[in-house]
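One structure below.
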Amino acid sequence: MKTYVCGHRNPDTDSVMSAYALADLRRRTGVADIEAICAGRVPEKAKWVFDHFQLPGVKAKRDVYVRVSDLMDASLPTIDARLPLVDALRTLEASGESSLPVKDANGQFVGMLSPAKLLSLFIAKSDLAMPVGEAPLHHCSQTLLGTDRIHDIRKAALQNPHNHFPVVDESGRLLGTLLKRAFAEEPPFRMILVDHNETAQGIPGLEEIPVVEVVDHHRISFAATKDPIKYTADVVGSTCTLVARLYRAAGERPTRETAGVLIAGIVADTLLFQSPTATEGDRSICAWLEKICGESAVSIFEGLSAVASPLTSMTAEQAIASDAKAYAEGGLKFVVAQIEESNMGVFYRHIDDLTKAMDAMVARDKLDFMALMVTDPVRGNSELLFSGAESVSRALPYRRGERGSWLLPGVLSRKKQLLPEILAALA
Ligand SMILES: [Mn+2]
């Protein structure tokens, strides 16, 4: 059974780093098949950290939906169409199944071998040395693609009178067999969530897979679970702080590289402890990690800050989407995106494209409004662009600057500073 460790959609550095480091810890403490993944594109800053510490990094995955190929029964044989029918029937008998798929010399699926279809041959006392491919095969069962989502094919398959479904790839090559009873089994994956706990913010498909652990520093909005799970939450500046504490609690010492990964997550989320979300707990665990890593938090933060900003390396829409969080509060659907940019001149040059992209995203996603917070971590300020629901933007306690953006002096945290103001404006 595979366990994925995954942060939120539109992943940030803390999300990716905490997934990587927690997977490493859980592997050491006995979870054999575990993999850190990234919900969508791996952000440039996270790539820099993995390159800097010469680590393989994490795999980007679009979703964790269970696919037909994940549930296929690999132990079931497939039958070569050139095999004498009598030998094919022996294979079928030995398998204990009532039906097995047959493939031709090129691996193409040709039909299902099923005794009921062969009765006419027995009545006519035909020669059972004939190649099985020339015997009457069963063709009407549902053929599945290995990439089909179980979610999409379950209903039709359960209504199908057959219990054996041939699985093929896009070119019709036989991959194996899916048994109907596989639908009744538990999904073959487990999830560990880091840096989020709301299903809506997680990787698509998450809702179908049991969550066995959560490590997070956000508000709790987690669904009731069937079984007890591990849940680690605290009011600290970074999920990596919590993961580092888990290492300590388990009596484990991260490697030099993993300590660096954890430092990167901490300084990225706390903006080198300048953010109001930063706590003494973040600072003290970071000091422990610096000793193990041999590199300072300041130098890692500088390395991260030098990575090209989304505003210069992406289109306006990509830059906004790279860290956009969706909310539904007070009957309104809205998105609050954040971009870090230590050169506000770059932001001013992009105000027009950003505004256009936001208007288009509001219309396309049928949002009530969208806010984009552009944060200058060096000077400790943010500016805000707003699209949609003017009643909300007017109710915010901010002044509008000469370039049309709202000025948010001293505001660094979307979660702790901006979101409460938006929720108050909605009320
Ligand atoms: Mn975080």
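What follows draws every value from the coordinates through simple rules; no lab data is involved. Keep in mind the model is a prediction, meaning the values are calculated, not measured. Here Cβ is always computed from backbone atoms with ideal geometry, including for glycine, and neighbour counts include all displayed protein chains.
What to note about this one:
- Computed [θ] at 222 nm, deg cm²/dmol, the chain (DSSP H ≥ 4; -39,500 (n - 2.57); rounded to nearest 500): -10000 deg cm²/dmol
- By the count of neighbouring beta-carbon atoms within 10 Å, fewest first, Arg27, Arg379 end up ordered Arg379, Arg27.
- Remark on Glu329: its backbone amide H falls under 5 Å from those of Phe334, a criterion applied only to residues 5 or more positions apart or on other chains, H modelled at 1.01 Å from N.
- For the range 70-180, the relative contact order is 31 percent, taking Cα pairs closer than 8 Å that sit 6 or more residues apart in sequence and dividing their mean separation by the residue count.
- Pairs of alpha carbons in the range 1-70 separated by more than 19 Å make up 32% of all such pairs.
- Computed lengthening from Asp33 to Ser126, 0.36 nm per intervening residue step minus Cα-Cα distance: 28.4 nm
- Karplus (6.51, -1.76, 1.60) ³J(HN,Hα), θ = phi - 60°, over the range 49-59, in Hz, Gly and Pro reported as x: 4, 5, 5, 4, 9, 6, 10, x, x, 10, 8
- Calculated P(r) tail over 16 Å for the range 70-180, as whole % of Cα pairs: 57 percent
- Length, then width, then depth: along the principal axes, the Cα atoms of the chain run 92, 51, 38 Å.
- In units of the rule-of-thumb radius 2.2 N^0.38 Å, the range 311-357 shows an alpha carbon radius of gyration of 1.27.
- Across the range 226-236, rounded Karplus estimates of 3J(HN,Hα) from the backbone phi angles (6.51 cos²θ - 1.76 cosθ + 1.60, θ = phi - 60°) give 7, 10, x, 10, 6, 9, 10, 9, 7, 8, 10 Hz, Gly and Pro being marked x.
- Structural descriptor for the chain: relative contact order 14 percent, calculated from alpha carbon pairs under 8 angstrom and at least 6 residues apart.
- Orientation-averaged projection of the range 244-363 equals 9.8 nm² [convex hull of Cα atoms, one quarter of hull surface area].
- Space enclosed by the convex hull of the alpha-carbon atoms of the range 310-426, per residue, Å³: 92 Å³
- The count of lysine pairs in the range 70-180 whose Cα atoms are under 23 Å apart, excluding pairs fewer than 8 places apart on the same chain, comes to 5.
- The charge dipole of the chain, taken about its Cα centre with unit charges on the Cβ of Lys, Arg, Asp and Glu (plus for the first two, minus for the last two), comes to roughly 360 debye.
- Based on C-alpha pairs under 8 angstrom that are at least 6 apart in sequence, the range 310-426 has a relative contact order of 22 percent.
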